[in-house]
Amino acid sequence: HTGTGHPVRLAGDTGYFGLASPARADVIVRIEDGRRVNGHFWVSLSGQTDLEYTLTVTDTLTGISRSYFKPLGKRASERDTQAIPAD
């Protein structure tokens, strides 16, 4: 099956996607301001499912986007400290 995740906002920088339903937090996402450290915004993902997914994060000001792929059968978390350049 393919489809679009159901986004749920938890706070200004944190939310999650429910893959089958918005009531289920399958992928938790947090955008962090790392500009003071390395001049980038960071993306942290925590997958709570073994389903395959691709998550794309887009900076709405610059149009810069990054995609994160997680294969079927694997649970994964990651932190991309180079995700979106601040300039």
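The values are calculated or read from the model by the stated rules, or taken from the named source; none is laboratory data. Since this is a predicted model, take the numbers as computed values, not measurements. Glycine gets a Cβ as well: all are built from the backbone with ideal geometry, and neighbour counts include every protein chain shown. For the accessible areas, the whole protein counts, side chains as well, though only heavy atoms, and no ligand, DNA or RNA atoms are used. Shrake-Rupley method; radii C 1.70, N 1.55, O 1.52, S 1.80 Å.
Odds and ends about this structure:
- Any hit, region 50-60, residues being among the hydrophobic types (A, V, I, L, M, F, W, C) and open to solvent by less than 40 Å² (accessible area, probe 1.4 Å): yes
- Leading residue by the ranking (modelled with the lowest pLDDT) among those in region 1-11 that are open to solvent by 70 Å² or more (accessible area, probe 1.4 Å) and assigned to a loop (DSSP other than H, G, I, E, B): His1
- Residues of region 61-87 that turn out to be over 18 Å from Thr4 (Cβ atoms), among the polar types (S, T, N, Q) and open to solvent by less than 70 Å² (accessible area, probe 1.4 Å), as a count: 1
- Residues of region 14-37 satisfying the condition of being in contact (Cβ under 8 Å) with a residue 24 or more places away in the chain, over 12 Å from the mean Cα position of the chain (by Cα) and open to solvent by 30 Å² or more (accessible area, probe 1.4 Å): Leu19, Arg35, Val37
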